[in-house]
Every structure is written in structure tokens, then in C-alpha cells.
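The values are calculated or read from the model by the stated rules, or taken from the named source; none is laboratory data. All values reported here derive from a predicted model rather than from experimental measurement. FYI the Cβ positions are ideal-geometry reconstructions off the backbone, even for glycines, and counts take in every protein chain you see. Ligands, DNA and RNA are stripped out before the accessible areas are found, and what is left, the full protein with its side chains, is counted by its heavy atoms. Shrake-Rupley method; radii C 1.70, N 1.55, O 1.52, S 1.80 Å.
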Amino acid sequence: MIGPMRILGELEPTKNNEKLAKRVEKLAGVVDAIDIPEAPMGKPIAHAAILAAYIKAKYGIDAIPHVRVSDLNTVGLLSILGGLKATGIEEAVLLKGDQPIVGKEVEELTVESAAEVASSRLGGKPRLGAMMSLRYPLEAITKRLQAPLDFYLVLRPSHSLEKLEQVSKLAKSLNKRLYTYVIVASSRNYSKLREMLVGQPVYNIDEAVRFVTKIQGLVDGILISSPGDVDTISETARRIKKELRLD
């Protein structure tokens, strides 16, 4: 691990300013940073980079926007990342993104090529991350770890704890950070999330706390996600902080 464990909370984007304020206020004080997906399921809602800059300016909370390279050419990428740099956003996640429900994909950039051009043009700010699934072969994971990226959001971290330990050692040797997704559901949306997120582990709050306790020495932080339920994200963050004595 590089420094103390960080707790990130996922914020679903919204065009409604009142809803946005309520969601941010529920996460404020219980997470170390707010992670903002961009066009989840390919649906345009509100641009994550703009929301991140707004949240940082208005609430003083660190925000980590996702940037879909499939929506951008190189000029668009550098313009967005330059704006994030100017507004004090310190981290952003590059990803290909889901198929857009309107319009067509831009096929100019991959995550790796976007990271390379950003690194050469922007001097390493904001720090850039990418997705990483433990279901991929170790060879593919190693290749992604060697890209000019600073951190990774790890999908399916419970796929193999032995593999997570291997990846953790390699990440530490390369001075890269790992944040694992922890998807949490309340009793009212547990079945719905299991159906929606086929193949991904979904925990109740008690299970999430136990899982994080088990992996805390292997990762630099966790990203708590609970689609449609910011209250569960907030409560899970409180419970984990108390269990790990992170307050």
C-alpha cells in the first residue's frame, strides 16, 4: 500500500442540481473522494468532468471523473484533461466506455494511447487511472500495469485473492495504486443488483466490511458502489472506517 487506505464513494451523475447536492452531501465527510462515472451504459446524463470541477469548487471535496476515450479524439481528450488540471482535479479515470445509445464511437484512441499522449503533453497532471479486471490473465494485467498510468480500479477483486496478492506485489514494485470495487446492496435492492450486475460480487454491508478487512493489506483503497442507493454507500463507508479505525 502507498499511504493509508482511501475510501472512495461512487456518485451517479444527474442533471438535477437538487439531486446532485443531496447525493454529494450524503457522501461528504464519510469518503475521501467521490468517483463519478461518465455516461454509464452509454447513456448521456451529465459530463463527469464538469460535475467533478463543480463539486471540487463548491464543496471542496476531491472528485475523480471518468473520461470515455470512445467519445473523444486527441484534441477533445487533452482539452478535458487540461480543464481538469486547471480546476484542481487531481485524478481521472480513462476507460473505453459502454456502446453509446446515440451517435457513434470515436475510434481514434485506446486507454493506453490516451494515457501516453496525456503523459507527454500534460506533465502527469491530473494523475490517470484505468479499469482492471482480475478475470483477465496475469500477462494482460501486467501489461496494463506497465502503461503510463498511476492507479487502477480493480473489478471482481474476489475472483481470486491469491491473484489479487500477486497483482498487489507487482503494483507496489511499479509504484502504482490499486482501488478495488466493492458493490454493496441493501435488503431492498439486493436481488435487483444481482440480476443487473451478472457475474460481479454483490455484498450486504456486513459482508462488505468483512471483505475489506480481509484485503486491506493488499490495496490502497476501495471504491464503494451501490447503483441507485447513495445511503448504502454512505453507511458502508462509515462502517468500514469504524472497523478499520480510519477516522
Practice task
Inspect the range 151-159 for any residue being among the hydrophobic types (A, V, I, L, M, F, W, C) and over 15 Å from the mean Cα position of the chain (by Cα) and give the result as yes or no.
Solution key: no
Exercise for the section: Would you please list the contacts, defined by Cβ atoms under 8 Å and residues six or more apart or on different chains, that run from a residue in the range 90-110 that is on the phi < 0 side of the Ramachandran plot to a residue that is surrounded by fewer than 14 Cβ atoms within 10 Å (Cβ to Cβ) and of a type in the set (Gly, Ala, Ser)? Expected result: none
Fill in the blank from the handout: The number of residues in the range 96-113 that are at pLDDT 95 or above and open to solvent by less than 30 Å² (accessible area, probe 1.4 Å) is 2
Fill in the blank from the handout: Residues in the range 172-207 that are within 17 Å of the chain's Cα centre (by Cα) and of a type outside the set (Phe, Trp, Tyr) total 11
Practice task
Look through Ser158, Ser168 and report the one residue that is more than 27 Å from Leu122 (Cβ to Cβ), among the hydroxyl-bearing types (Ser, Thr, Tyr) and either open to solvent by 10 Å² or more (accessible area, probe 1.4 Å) or assigned to a strand (DSSP E or B) (or both).
Solution key: Ser158
Handout entry: Selected residue (criterion: nearest to Pro65 (Cα to Cα)) from residues of the range 138-149 that are open to solvent by 30 Å² or more (accessible area, probe 1.4 Å) and not in a loop (DSSP other than H, G, I, E, B)
Key = Arg144
Handout entry: Tally, over the range 194-212, of residues that are more than 18 Å from Ile7 (Cβ to Cβ) and surrounded by 20 or more Cβ atoms within 10 Å (Cβ to Cβ)
Key = 1
Problem - Leading residue by the ranking (surrounded by the fewest Cβ atoms within 10 Å (Cβ to Cβ)) among those in the range 3-35 that are touching a residue at least 40 places away in the same chain (Cβ under 8 Å) and part of a loop (DSSP other than H, G, I, E, B) - result: Gly3
Completion exercise
Of the residues in the range 187-241 that are among the polar types (S, T, N, Q), part of a helix (DSSP H, G or I) and more than 20 Å from Lys22 (Cα to Cα), the one that is modelled with the highest pLDDT is Thr213
Practice task
Give me a count of the residues in the range 114-137 that are surrounded by 15 or more Cβ atoms within 10 Å (Cβ to Cβ) and either under 24 Å from Gly199 (Cα atoms) or hydroxyl-bearing (Ser, Thr, Tyr) (or both).
Solution key: 8
